[in-house]
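The values are calculated or read from the model by the stated rules, or taken from the named source; none is laboratory data. Remember, predicted model here, so these are calculated numbers, not experimental data. Methodologically, a virtual Cβ is constructed for each residue, glycine included, from the backbone with ideal geometry; neighbour enumeration extends over all protein chains shown.
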Amino acid sequence: MQRDRVDEPLKPDYNVAPTKPVYAVMTRKPRSDTAKSDKSEDDAAPRRELRVVRWGLVPSWAKDLSIGSRMINARAETVNEKPAFRKAFASRRCLLPADGYYEWQPPAAGTKGPKQPYFICRPDHGVLAFAGIYELWRDRSIAADDPAAWLWTAAVITTTAPDELGEIHDRMPMVIDRASWADWLDPANTDTADVRALLAPAASSGLISYPVSVAVNSVRNNGPELVREAEPVSPGSGGRSDA
């Protein structure tokens, strides 16, 4: 990482919900006030950096933050067309690191009960790099030179899940292959066809899934026990089911 923009590290989060802070990796040029004429060419070049962003993209034209809670995901098939996403897709792309993600499977036809949560991850439990887009939203009630006037937000790009994962849920986060990280993050790469070509779920077929506790259905629960394998819920059992 060339620049770390994180003032205070985030605590481990095993149950990330919309509007929560998450890490994002992006490539950005230095601000104009830091790229003075006495700086070297290397100093003025785009650099990869780590930031904390709010999950749930808030477009720059939004009147308030509430829209962000409904824009946590962007479909790969239409991300370059939707007014809320297309500008970010063109030049503000990021990687959102995660150990895995949850999906919920409905009970079998003809049975009742809570949806069964599954944790989906790499076989070695290594870090995944989800494709994301980010935006900066200006709070007009705060002076522009105040860092608090700018809110960084992001959305996860999703794609069709392969058969083995599609049995749980038909969508999944887009995973960017390591070899494509630099191209994905390059803000100068604005050719829509070239960028869309990077949206190939290279890692999806290598992921595993296993049932976890329905405790993950409540955002009040947050601990390592949520990602441990658990006995599947039985039809007719009680419990809250969130998707």
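Before we move on, is LEU185 on the phi < 0 side of the Ramachandran plot, touching a residue at least 60 places away in the same chain (Cβ under 8 Å), among the aliphatic types (A, V, I, L, M) and surrounded by fewer than 18 Cβ atoms within 10 Å (Cβ to Cβ)?
No, not satisfied.
Condition first: in a loop (DSSP other than H, G, I, E, B), at negative phi and of a type outside the set (D, E, K, R). Now tell me which residues in region 5-30 satisfy that.
Matches in region 5-30: VAL6, PRO9, LEU10, PRO12, TYR14, ASN15, VAL16, ALA17, PRO18, PRO30.
Anything in region 141-182 that is assigned to a loop (DSSP other than H, G, I, E, B) and over 20 Å from CYS94 (Cβ atoms)? List them, or say none.
Once the filter is applied, which keeps residues that are assigned to a loop (DSSP other than H, G, I, E, B) and over 20 Å from CYS94 (Cβ atoms), region 141-182 yields SER141, ILE142, ALA143, ALA144, ASP145, ASP146, ALA161, PRO162, GLU167, ILE168, HIS169, ASP170.
Mind listing whichever residues of region 141-171 are under 20 Å from LYS20 (Cβ atoms) and among the aliphatic types (A, V, I, L, M)?
ALA148, LEU151, ALA154, ALA155, VAL156, ILE157, listed by residue number.
Determine the pairs where a residue that is of a type in the set (Phe, Trp, Tyr), located within region 200-217, has a partner that is modelled with pLDDT of 75 or more and surrounded by 15 or more Cβ atoms within 10 Å (Cβ to Cβ) with Cβ atoms under 8 Å apart, the partner being 6 or more residues away or on another chain.
TYR210/TYR118; TYR210/PHE119
Go through (1) modelled with pLDDT of 90 or more; (2) surrounded by 15 or more Cβ atoms within 10 Å (Cβ to Cβ); (3) farther than 26 Å from ALA44 by Cα one by one and return the number of the condition ARG196 breaks.
(2)
Filter region 199-215 for residues that are among the hydroxyl-bearing types (Ser, Thr, Tyr) and in a strand (DSSP E or B); which is modelled with the lowest pLDDT?
SER209
Counting only residues that are in contact with a strand residue (DSSP E or B) (Cβ under 8 Å, 6 or more places away or on another chain) and over 22 Å from GLU8 (Cβ atoms), how many does region 42-57 have?
2
With the checklist (1) within 16 Å of the chain's Cα centre (by Cα); (2) surrounded by fewer than 18 Cβ atoms within 10 Å (Cβ to Cβ) in hand, flag the one item CYS121 doesn't pass.
(2)
Select from region 53-90 the residues that are of a type in the set (Gly, Ala, Ser), surrounded by 15 or more Cβ atoms within 10 Å (Cβ to Cβ) and not in a loop (DSSP other than H, G, I, E, B) and list them in ascending order.
Correct list: GLY68, ALA74, ALA88, ALA90.
Kindly evaluate ALA161 against the criterion of being crowded, with 20+ Cβ neighbours inside 10 Å and farther than 22 Å from LEU226 by Cβ.
When the stated conditions are applied, ALA161 does not pass them.
For a quick check of your reading of the model, give me the residue pairs whose first member lies in region 113-139 and is farther than 22 Å from ARG93 by Cβ, whose second is among the basic types (Lys, Arg) and surrounded by fewer than 21 Cβ atoms within 10 Å (Cβ to Cβ), with beta-carbon atoms closer than 7 Å and at least 6 apart or on different chains.
Pairs found: PRO114/ARG240.
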